[in-house]
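Novice: Please see the structure below; I have some questions.
Read-outs: derived from the displayed coordinates by stated rules, not from any lab. Since we're looking at a predicted model, the values are computed, not measured. Glycine gets a Cβ as well: all are built from the backbone with ideal geometry, and neighbour counts include every protein chain shown.
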Amino acid sequence: MRKILLLHTGGTLGMAPSGEPASLAPGRFLDHLLEQVPELSQLASLSVEVPFNQDSACLEPSDILALAARVRRAGEDFDGFVIIHGTDTMAFTASVLGFLLADLGKPVVITGSQRPLAFVRSDARSNLVNAVDLACRAIPEIGICFGTHWLRGVATDKLSVSQFEAFESPNLPPLAEIGAEIRLHPKAGQFPCRVPGGVGQALDLNIHTVTPHPGMAWFPAPAGAKAVLIQAFGAGNLPMGRDDVGAFLEDCRQRRLPVVVISQCPHGGVDLSAYEMGRKVEALGAMSGGLHTRWAALAKLGLVLGAGGGIPEVRDAFGAAWAGEPMPDGAWPQT
């Protein structure tokens, strides 16, 4: 049988019926899982570790880097990996791990649930069974298994706080559709790994994020910021007729802060050449984040900063696919 390492980090799936985090030692947690979902033992030889057990809203960059390091160390000992994770920051973790483990060569399947495993009506059982099944299939992808889809981590965002179909991959087809059978995309597991050397030792998230709205006052980025991520309107438009917007961007340019522009729209992305407002943004030094989700953009920007990169390295990073994230020229055709 395939050997699968299951890393439990917390979240709704493992909660007690009271809603509190389950307090279980690794061995007891495995027993608990097999009591609740005995079919797991028919799919794989499971080992369980609990690196930490916390609400994913409390996640820190060091936690994600530790997860990546643990998977990397165990790469020769297991055929695949399943990570149980809270849904709140799952898409961000999936994006970081998608970049850091792109060359692992083995499946890393991230899952969780909207309701605890202990509940009668829960999506936890099916998500867990599907995740372990996918981890056994030797498809070298890092992705989120939730509801009826397996989605590439670097292209994923959370869609709902209550629906069992909680995540989407707005600009890339699913890696797999899950029903009576698991239908894998013909290009699942096929992407070039272009993560630059030296990336991954640190994740620097001193990033000033801005989500504009009409009438918003623009103030300079705080003193500690090392980069700026703007979630702009449409294809990358900002109200460039306002003096404070121009002053904001000019201040970033003077301070040599990389400025990346992504879209508030989940489907489609930024093209700063499409409209006059976007061209003015670009003229002041901002660069396009293309089809990057907000989480993939944060992850990539944080990894570049963590490796000591500045504007040239950020520009290179957002001009290329590191790990199969969708790009304007199309990593995969839409189907």
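Novice: Straight-line reach from residue 3: which lysines fall under 27 Å, measuring Cα to Cα and dropping same-chain residues less than 8 apart?
Specialist: 106, 187
Novice: Right, something else. List the residues whose amide H sits under 5 Å from the amide H of residue 83, counting only those 5 or more places along or on another chain, with H placed 1.01 Å from N in the peptide plane.
Specialist: Amide H to amide H, under 5 Å and 5 or more residues apart or across chains, residue 83 pairs with 7, 109, 110, 111.
Novice: Among the trypsin sites (Lys or Arg not before Pro) in the range 237-335, which ones are in a DSSP loop with at most 11 other Cβ atoms within 10 Å of the Cβ? Mind listing them? Display every interim value, and only then the final one.
Specialist: Working: sites: 242, 253, 255, 256, 279, 280, 294, 300, 315; in loops: 242, 255, 256.
The qualifying sites are 256.
Novice: Among rounded, prolate and oblate, which fits the range 3-184 when a ≥ b ≥ c are the square roots of the eigenvalues of its C-alpha gyration tensor, a/c under 1.5 means rounded, and a/b larger than b/c means prolate? List each step's numbers first, then the result.
Specialist: Details: a/c = 1.18, a/b = 1.11, b/c = 1.06.
Since a/c stays below 1.5, the shape of the range 3-184 is classed as rounded.
Novice: While we're here: Not counting the cut sites, what is the longest span of the chain without GluC sites (Glu not before Pro) that DSSP labels loop and that have at most 12 other Cβ atoms within 10 Å?
Specialist: 182-335
Novice: Same structure again: Could you tell me the center-to-center distance, by alpha carbons, between the range 136-180 and the range 252-309 in angstrom?
Specialist: Cα centres, the range 136-180 to the range 252-309: 25 Å.
Novice: Moving on. Which translational diffusion coefficient, to the nearest whole µm²/s, is obtained for the range 123-281 from the Stokes-Einstein equation, given a Kirkwood hydrodynamic radius over C-alpha pairs, 37 °C and 0.692 mPa s? Walk me through the intermediate numbers first.
Specialist: Details: Rh = 18.6 Å.
Answer, rounded: 177 µm²/s.
Novice: Compute a Gaussian network model of the chain, connecting alpha carbons closer than 10 Å, and tell me which residue from 277, 216, 90 fluctuates the most.
Specialist: Top of the fluctuation ranking is 216.
Novice: Compute the acute angle (0 to 90°) between the alpha-carbon long axis of helix 61-73 and the principal axis of greatest extent of the alpha-carbon atoms of the chain; round to the nearest 10°.
Specialist: Here the helix axis deviates by roughly 50 degrees.
Novice: With a sphere of radius 11 Å drawn around the Cβ of residue 325, what net charge do the other residues whose Cβ falls strictly inside it have (Lys, Arg +1; Asp, Glu -1)? Don't skip to the end; give the middle numbers.
Specialist: On the way: positive: 152, 194, 300; negative: none.
After counting each charged neighbour, the total is +3.
Novice: With n ≥ 4 as the cut-off for DSSP H runs, can you work out [θ] at 222 nm for the chain, using -39500 (n - 2.57) per run divided by the number of residues, rounded to the nearest 500?
Specialist: Working: 9 runs with 92 residues, N = 335.
So the calculated ellipticity at 222 nm is -8000 deg cm²/dmol.
Novice: Could you work out the relative contact order of the range 3-184? I mean the mean sequence separation of Cα pairs under 8 Å and 6+ apart, divided by the number of residues, in percent. Spell out each step's value before the answer.
Specialist: On the way: 391 pairs, mean separation 42.0, N = 182.
Once divided by the residue count of the range 3-184, the mean separation gives 23 percent.
Novice: Let me ask something additional. Using C-alpha positions alone, give me the convex hull volume of the range 207-318 per residue in cubic angstrom. Each step should come with its number before you reach the end.
Specialist: On the way: hull volume 10.0 nm³, N = 112.
Dividing the Cα hull volume of the range 207-318 by its residue count gives 89 Å³.
Novice: Against the empirical 2.2 N^0.38 Å scaling, what ratio does the C-alpha Rg of the chain come to?
Specialist: Numbers: Rg = 20.4 Å, N = 335, 2.2 N^0.38 = 20.0 Å.
So the chain has a normalised radius of gyration of 1.02.
Novice: Still on this model: Return the long-range amide H neighbours of residue 48 (sequence gap of 5 or more, or a different chain), with a cut-off of under 5 Å between placed amide H atoms.
Specialist: Under 5 Å from the amide H of residue 48 lie the amide H atoms of 6, each far enough along the sequence or on another chain.
Novice: Using Cβ counts within 10 Å as a stand-in for footprinting exposure, how do 238, 97 rank, fewest first?
Specialist: On the way: 238 23, 97 27.
Least to most surrounded, the residues fall as 238, 97.
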